[in-house]
């Protein structure tokens with residue numbers, strides 16, 4: 001039985017959790033109320049009769065208008081044009097009731113004299129849509145439920161339109177009202193959606209406050225909070241608006257078709273789709289705004305699905321590239337298709353599968369890491385950007401989780417000799433991390449932070465060091481082979497010319513490989529002396545510099561666009577040629593100016609991309625949350641990285657420099673790849689986003705644990721993680737408001 005102080009402590013922790021949950025629910029309610037107050041009247045309309053020729057007076061008998069509606073088109077009500085003949089009446093009320101062809105009432109909406117003044121359009125919207133299964137004719141009854149002290153008229157045509165008679169009582173008027181069909185309407189939906197978000201956000205706030213207050217193990221905190229906040233991102237991020245989600249969906253869809261033995265390609269080379277999915281593959285970016293939100297939510301609840309049979313040709317081209325990083329999303333989409341779910345439910349299944357795997361990998365990374373590094377990994381894993389990616393179809397979420405696990409295992413093996421399963425896991429993680437994106441190959445160099453004598457148990461002295469270095473070389477070689485199998489063709493294009501690759505690219509790759517081998521051999525020799533760590537990283541740095549010099553020397557001998565080619569322009573004014581390594585090495589000054597301009601103009605956006613304070617696809621539109629949230633996230637990460645007084649540094653001084661150099665190599669690789677997308681006419685980099693550098697964020701923070709003169713008396717991991725969780729929750733709520741309130745045209 002627990003003693004009294006422990007019982008009080010548990011009650012205190014529970015109270016903190018309940019308070020955090022209550023505040024989160026209140027924040028959701030306020031967000032919903034604010035959006036409803038501002039956006040409830042937003043609607044979209046379809047013209048049915050746009051003829052304004054004469055009036056039809058609203059009498060005691062009322063008016064009845066028949067309105068044809070096509071199958072599958074939502075009806076939220078009608079919009080009519082009134083005229084009070086330049087008179088503002090002090091009383092009066094109009095009711096408009098919609099009835100189906102079978103006589104069932106869809107609802108009645110009332111407007112009084114305050115909404116009907118002068119010559120004005122007045123909407124009579126219903127809260128929920130009526131979607132007819134077949135073409136039918138609706139009945140619109142217009143009555144004065146409270147008498148008007150004067151004449152109120154509605155505009156109509158001079159003659160009756162086909163199939164749209166107008167009646168005054170039981171008498172045909174011989175005209176048709178000027179009427180518009182409301183096809184979308186915000187209404188009270190923002191409040192409903194906010195209340196839906198209250199469940200995952202309230203639960204996430206409760207678990208974060210309760211577990212962190214109890215100082216529970218951080219792996220459990222990471223998994224629980226990531227799942228809750230990620231579920232909110234699944235709901236908040238509109239369909240096909242996450243980074244590159246349209247492309248990821250096409251890849252996952254095609255892989256799911258192959259797994260289920262369905263044909264993937266039509267005669268025109270386009271991707272084959274289920275019938276219910278075909279309408280949603282027409283554009284590359286989904287719509288945002290409160291109306292698009294509500295339309296998608298209504299379709300998810302009401303739209304029928306289709307069997308898992310691909311018969312309809314879609315917009316994307318078949319044969320999309322992909323890799324194993326899509327496995328969770330593919331399985332989620334396949335499950336939804338087998339169950340016959342509709343498009344939006346299928347998308348949610350794929351997102352949830354991706355989120356689940358990310359949460360497990362993030363928790364595993366925290367569990368593998370030494371205690372001193374767990375706070376850094378937890379804070380990085382709970383940032384808005386990785387959770388947004390995990391709550392979408394992006395394969396980057398799986399990659400981030402795997403890189404976090406690799407870094408955590410390398411840190412773990414600095415403290416003790418490796419067990420057999422740890423050696424196998426190290427090799428597997430190095431092999432699977434390398435293929436996804438070419439820029440992450442340098443990340444496998446983090447295994448060099450492991451003392452070589454820790455890699456093989458049962459040996460000691462120089463033999464242990466030599467065998468440990470051989471194991472590290474084997475891990476790097478395995479990663480390099482895996483990387484080449486997936487990315488060699490792409491890498492050769494970066495180094496290629498516009499007239500062909502020739503033997504120059506092969507010579508370049510050979511020079512780089514020779515420089516790396518020379519660096520490792522030199523390291524083996526020098527590591528037998530004193531100051532092992534210092535000499536190892538010094539020789540390794542010299543090897544990297546030698547490789548860079550070889551790249552520069554070989555690239556200078558490769559052909560580049562001629563002056564005549566460089567002045568060519570596409571119809572939109574862009575250059576048809578992009579930066580390559582040979583071009584950059586020939587025109588160093590031009591390249592440096594472009595990179596400096598990019599750093600000055602785009603560095604704030606890169607930081608936002610790392611943190612996740614820019615939501616959606618920033619190339620298409622900018623959904624920026626408050627800069628105060630971004631500042632708070634930076635401070636929380638800095639707090640998580642503060643060293644504790646009297647603690648042993650995670651890294652040696654020279655190893656910290658080696659880790660920083662590894663991060664720099666990843667940054668340089670990202671820049672090179674972005675240059676390959678950047679036309680020569682551009683003055684800044686095109687397409688470099690901060691999320692590309694997110695997997696290396698914990699490695700950036702690790703050297704801070706070695707800071708001298710800056711320390712705290714107690715571990716700050718738990719307060720920092722609580723701050724990150726809170727700010728991520730606020731990002732979700734503000735992002736929901738910004739998505740819903742978007743008024744731009746897409």
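The values are calculated or read from the model by the stated rules, or taken from the named source; none is laboratory data. Values in this document were obtained by computation on a predicted structure and should not be read as measured data. Every residue, glycine as well, gets a Cβ built from its backbone with ideal geometry; the counts of neighbours run over all protein chains shown.
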(message) Kindly evaluate residue 327 against the criterion of being part of a helix (DSSP H, G or I), surrounded by fewer than 18 Cβ atoms within 10 Å (Cβ to Cβ) and modelled with pLDDT of 85 or more.
(response) yes
(request) Enumerate the helices (runs of 4 or more DSSP H) found wholly within segment 570-667, keeping only those where 2 or more residues are within 25 Å of residue 444 (Cα to Cα). (result) 588-611, 627-640
(request) Identify the single condition in (1) surrounded by fewer than 22 Cβ atoms within 10 Å (Cβ to Cβ); (2) more than 17 Å from residue 390 (Cβ to Cβ); (3) under 17 Å from the mean Cα position of the chain (by Cα) that residue 250 does not satisfy, given that it satisfies every other one. (result) (1)
(message) If the requirement is being surrounded by fewer than 18 Cβ atoms within 10 Å (Cβ to Cβ), touching a strand residue (DSSP E or B) at 6+ places or on another chain (Cβ under 6 Å) and in contact (Cβ under 8 Å) with a residue 60 or more places away in the chain, which of these qualifies: 149, 165, 125?
(response) 165
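The rows are residues; the columns are (1) within 22 Å of residue 183 (Cα to Cα); (2) not in a loop (DSSP other than H, G, I, E, B).
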site	(1), (2)
109	yes, yes
117	no, no
121	yes, yes
129	yes, yes
132	yes, no
139	yes, yes
143	no, yes
148	no, no
155	yes, yes
(request) Tell me which residues, restricted to segment 277-303, are surrounded by fewer than 20 Cβ atoms within 10 Å (Cβ to Cβ) and in a loop (DSSP other than H, G, I, E, B). (result) 282, 283, 284, 285, 287, 303
(request) Considering each of 84, 100, 59 in turn, give the residue that is more than 44 Å from the chain's Cα centre (by Cα) and either within 13 Å of residue 155 (Cα to Cα) or modelled with pLDDT of 90 or more (or both). (result) 84
(message) Pairs needed: first member in segment 225-236, free of Cβ contacts under 8 Å to residues at least 40 places away in the same chain; second member anywhere, assigned to a helix (DSSP H, G or I) and surrounded by fewer than 24 Cβ atoms within 10 Å (Cβ to Cβ); C-beta distance under 7 Å; at least 6 residues apart or different chains.
(response) 228/200; 228/203; 228/207
(message) Quick check on segment 722-735. Is at least one of its residues at pLDDT below 85 and surrounded by fewer than 22 Cβ atoms within 10 Å (Cβ to Cβ)?
(response) no
(message) Tell me the residue from 407, 377, 364 that is surrounded by fewer than 24 Cβ atoms within 10 Å (Cβ to Cβ), closer than 22 Å to residue 718 by Cβ and under 24 Å from the mean Cα position of the chain (by Cα), please.
(response) 364
(request) Kindly indicate which of 229, 249, 199, 195 is in a helix (DSSP H, G or I) and out of contact with any helix residue (DSSP H, G or I) (no Cβ under 8 Å at 6 or more places or on another chain). (result) 199
(message) For residue 336, only one of the following conditions fails: (1) within 26 Å of the chain's Cα centre (by Cα); (2) within 30 Å of residue 410 (Cβ to Cβ). What is its number?
(response) (2)
